[in-house]
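Below is one structure, written out as structure tokens, with a few remarks after it.
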Amino acid sequence: MPDRDLSQYLAYLLASAHRSMRIGLSQSIGDEESTEEHWRILHVLSDEQGHSMGELAERVLLNGPALTKNIDKLVSRGLVQRAADASDNRKVLVFISDLGLELVARLKERVDAHHVGIEEALGPRRTSQLKRLLESFIEESRGG
């Protein structure tokens, strides 16, 4: 018999908070074709600089196969395109299209509104504390 409830574990609490955030974001996005992962990818690509798959995977917190699957979907919708890196033809860069820029602008409004709602519910002090604690946890867990 377990000596403590599952909800007492930090890993469980973080996973539960992440799940709640994902559900809320999905509802806020309100586009059955766009996911939270698509939002993160388009947001990074909206700098219009082009990013390698490796860099993009790291920035949007996806493993290679999951990123490839998502990029394939975004390419098929005309939101992003792949192109060979001019300085290294072996490397593929991903760029956002004009259609992708239009979508990310619409999604940004919805995602920002979702985050404002969370910040209003927590209040500015607790929001700031939570962000600092999470940033500290991430930094410590990376060993730095």
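A Förster radius of 25 Å combined with the Cβ-Cβ distance from Leu130 to Arg19 puts the calculated FRET efficiency at roughly 0.95. Between Glu119 and Ala83, the simple label model (points 7 Å from Cα in the Cβ direction) yields a spacing of 3.4 nm. Counting only alpha carbon atoms, the long axis of helix 124-141 and the longest principal axis of the chain meet at about 70°.
May I ask you to order 73-79, 125-131, 89-95 by the average number of other C-beta atoms within 10 Å around their residues, highest value first?
Numbers: 73-79: 16.6, 125-131: 11.9, 89-95: 13.9.
My ranking of the peptides, most packed first, is 73-79, 89-95, 125-131.
With an 8 Å cut-off on Cα pairs and a minimum separation of 6 or more residues, tell me the relative contact order of the chain in percent. Let's see the in-between values first.
Values: 103 pairs, mean separation 30.0, N = 144.
Value for the chain: 21 percent.
Comparing Cα centroids, the range 20-87 and the range 113-144 end up 23 angstrom apart. Suppose the Debye formula is applied to equal point scatterers at every Cα of the chain; what is log10 I(q)/I(0) at q = 0.14, 0.19 Å⁻¹? Debye intensities relative to I(0), on a log10 scale: -0.82, -1.22. Angle of helix 36-45 to the longest C-alpha principal axis of the chain, folded into 0 to 90 degrees and rounded to 10: 50°. Name the residue farthest towards the positive end of the dipole of the chain from the options Leu10, Thr68, Gly143, assuming +1 on Cβ of Lys and Arg, -1 on Cβ of Asp and Glu, about the Cα centre. So the residue furthest toward the plus end is Leu10.
No lab work stands behind these numbers, since they all come straight from the coordinates. Being a predicted model, the structure only gives us computed values, none of them experimental. Virtual Cβ from ideal backbone geometry, glycine too; neighbours counted across all protein chains shown.
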